[in-house]
Amino acid sequence: MKYPERRRLPLWLKLAFTLWILFWAPAVAIQVGVQNYLWMCNLANFLLLIGLWSESRLLVSMQWLATALVGSLWALDAGTAWLSGWHPIGGTEYMFDAATPLGVRLLSLYHLILPLVAGVGIARLGYQPRALFWQTGVTWLAVPAAYLLTDPVRNVNWVQGPFGNVQTWFEPVVYVGVLMLVWPLLLYLPVHLLTTRKLAG
């Protein structure tokens, strides 16, 4: 498999992303509480920051898996709803809910930025295929942690049900186990396969 020539990540990118985290992290804690750090996309902020500064191909690749498809689907759902009022996928209804503080909605726009930053990272550093294994491991820690440690009303990582709804198909513990399998298979594996195929070509 061929990888792009390794090049250092630009300092401006590292500094800009650091400034973002210095603003975003305390804002999330104040607005919605530290429980929300356990969302996979929120964890991606922290892990990507470490990956950028350490220029870790593995960490950046992991966050590419975590954010590329999720961010694209989030953008599709929010963008379609903004234009037409219809949510083709679901999960971004809170962005149009006046009961949700404006600050929370603005903070959520990072879903548009993370895939771009991670994409620049793998374009410069290359993609590490082992990222699929390691990001799955992170997910298998974060999903049960969200189930055990966060308020069920928050539905962090959709441990109570997909798209903000409470599921009734399985016993809660069984559902969490299914979620741990579905998340990597549906969200990470397609990105992994497309990325490795593109680099191999």
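Close contacts from the range 111-124, counting a first residue that is part of a helix (DSSP H, G or I) and a second that is basic (Lys, Arg) and surrounded by fewer than 16 Cβ atoms within 10 Å (Cβ to Cβ), with Cβ to Cβ under 7 Å and a gap of 6+ residues or different chains, come to ARG124/ARG7. Residues of the range 111-150 that are among the β-branched types (Val, Ile, Thr) and surrounded by fewer than 21 Cβ atoms within 10 Å (Cβ to Cβ): ILE113, VAL120, THR136, VAL138. Pull up the range 159-176, narrow it to residues that are out of contact with any helix residue (DSSP H, G or I) (no Cβ under 7 Å at 6 or more places or on another chain), open to solvent by less than 70 Å² (accessible area, probe 1.4 Å) and not in a loop (DSSP other than H, G, I, E, B), then point me to the one that is modelled with the lowest pLDDT. Across the range 159-176, the extreme among qualifying residues is PRO162. Scan the range 31-38 and tell me whether some residue there is more than 16 Å from the chain's Cα centre (by Cα), at pLDDT below 95 and not β-branched (Val, Ile, Thr). Yes, some residue in the range 31-38 is more than 16 Å from the chain's Cα centre (by Cα), at pLDDT below 95 and not β-branched (Val, Ile, Thr). The single residue among LEU185, LEU194, LEU179 that is open to solvent by less than 40 Å² (accessible area, probe 1.4 Å), part of a helix (DSSP H, G or I) and of a type in the set (A, V, I, L, M, F, W, C) turns out to be LEU179.
With closer than 16 Å to ASN36 by Cα, modelled with pLDDT of 95 or more and under 14 Å from the mean Cα position of the chain (by Cα) as the only criterion, which of VAL143, VAL191, VAL156 stands out? After ruling out the rest, the residue left standing is VAL143.
The values are calculated or read from the model by the stated rules, or taken from the named source; none is laboratory data. None of the values given here were measured: they were computed from a predicted structure. Because the Cβ atoms are built from the backbone with ideal geometry, glycine has one as well, and the counts that use them run over all protein chains shown. Each accessible area value is taken on the protein alone, full model and side chains, heavy atoms only, with ligands, DNA and RNA left out. Shrake-Rupley method; radii C 1.70, N 1.55, O 1.52, S 1.80 Å.
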